[in-house]
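Chemist: Before I ask anything, let me first share the structure, which is written out below as structure tokens.
The values are calculated or read from the model by the stated rules, or taken from the named source; none is laboratory data. What you see is a predicted model; the values in this text were computed from it and never measured. No Cβ is skipped: glycine too gets one built from the backbone with ideal geometry, and neighbour counts run over all protein chains shown. Surface areas here come from the heavy atoms of the whole protein model, side chains and all, with no ligands, DNA or RNA. Shrake-Rupley method; radii C 1.70, N 1.55, O 1.52, S 1.80 Å.
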Amino acid sequence: MIEPTLSSPIGVFDSGLGGLTVVRSLLEDLPQESLIYLGDTARVPYGTKSREAIFRFAEEGSAFLLGKGIKLMVLACNTMSATALPELAARLGVPVVGVIDPGVEEAIRVSTGGRIGVIGTAATIGSQAYRRSIQARKPEWLVFSQACPLFVPLVEEGWEETEVAAMTARHYLAPLLAQGIDTLVLGCTHYPLLLPTLRRVVGSDIRIVDSATQTSREVKNLLARTVPENPGPASPMRCYLTDIPPSFIGVADRFLGRPVTHVERASLTP
Ligand code: DGL
């Protein structure tokens, strides 16, 4: 492991390109920090995989980023944060920020009635990580969870504002709406792109929490408390992908909201 310094980069790790929604917020909140992004595009999606596979992928990706001398790792993927965060945080030797607790803290701040809906991949919802994190802080609050496996392919296809997306959202959200949720947590990197469609389906009274934005605020707070901020200027973000599929450019640019440059292929296994 390379010893990190103030100007060392922050590593952002996701199963694919969806973590670029977290990068987008980090670039706004911490423009002076250098970022290295790792997307395991060869093995995405993680959300349909077993706990053992997700854990192994998380370890391999973290080792890759540590080898690049990062000073802090953002586990931008909800599925990995739900499955592997405590174990990784205990053994990496650099601070690790996941996406679940920042989203939960915001949900607790904005909820009006303690009835929280959580949507995510099958692995995230199956792990119960959101429910545990909310009820550790608010034991009497009710958490209603729903896996939405079709949302990731819909977003990757660029269909997030179509009638198909709206129908799918109505189907997934009906049980949560029937429970009278007052807050909906978007527990997946891809879901911020569905925000306009989800807003139309849930109406204007339900609070929607996007964990990508909250995570970048948490990183900023953590840097202020522990690892000092880079005095800047930032180097351009390096983007490592385990596969560079032909569709990459269009999808990546939509997640990041600007063109992704400096892309290199990464190999995570020896
Ligand atoms: N990054 C994943 C998450 O936030 C979504 C894509 C996947 O299933 O790998 O849960």
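Chemist: Among the GluC sites (Glu not before Pro) in the stretch 113-205, which ones are in a DSSP loop with at most 16 other Cβ atoms within 10 Å of the Cβ? Mind listing them?
Modeler: Listed in order of number, the matching sites are GLU140, GLU157, GLU161.
Chemist: Further question on the same structure: Which value, in Å² and to the nearest 10, is the accessible area of ARG258 when all protein chains are kept and the probe is 1.4 Å?
Modeler: So the heavy atoms of ARG258 present about 120 Å² to solvent.
Chemist: Give a residue-ordered list of calculated ³J(HN,Hα) values for the stretch 62-68 (Karplus: 6.51 cos²θ - 1.76 cosθ + 1.60, θ = phi - 60°; whole Hz; x for Gly, Pro).
Modeler: 5, 4, 4, 5, 4, x, 8
Chemist: Another question about this same structure. At a 1.4 Å probe radius, carbon and sulfur cover how many percent of the accessible area of the chain?
Modeler: Whole-percent figure for carbon plus sulfur exposure: 55.
Chemist: At 1.4 Å probe size, with every protein chain present, just tell me what the per residue accessible area of the chain comes to in Å².
Modeler: Solvent-accessible surface per residue comes out at 42 Å².
Chemist: Considering all projection directions equally, how large on average is the shadow of the alpha-carbon convex hull of the chain, in square nanometres?
Modeler: 13.4
Chemist: Which of GLY250, GLY114, GLY69 moves the most in a Gaussian network model of the chain with Cα springs under 10 Å?
Modeler: GLY250
Chemist: Here is a further query. Classify the stretch 91-162 as rounded, prolate or oblate, taking a ≥ b ≥ c as the square roots of the eigenvalues of its Cα gyration tensor: rounded when a/c is under 1.5, otherwise prolate if a/b is larger than b/c and oblate if not.
Modeler: Verdict is oblate for the stretch 91-162.
Chemist: For the pair LYS68/PHE55, report the inter-label distance in nm, with labels modelled 7 Å from Cα in the Cβ direction.
Modeler: That separation, rounded to one decimal, is 2.6 nm.
Chemist: Turning to a different aspect of this structure: Figure the gain on full extension for THR261 and THR5 (residue separation times 0.36 nm, minus the Cα-Cα span) and round it to one decimal in nm.
Modeler: Separation in residues times 0.36 nm, less the Cα-Cα distance, equals 89.7 nm.
Chemist: Continuing with this model, one more query. Work out the length of the dipole vector of the chain about its Cα centre, built from +1 on the beta-carbon of each Lys and Arg and -1 on the beta-carbon of each Asp and Glu, and round it to the nearest 20 debye.
Modeler: 400
Chemist: For the stretch 58-195, would you read off the P(r) tail past 18 Å as a percentage of all alpha carbon pairs?
Modeler: 58
Chemist: Another question about this same structure. With no solvent and one equal point scatterer placed on each C-alpha of the stretch 1-95, evaluate the Debye formula and give log10 I(q)/I(0) for q = 0.19 Å⁻¹, two decimals.
Modeler: -0.85
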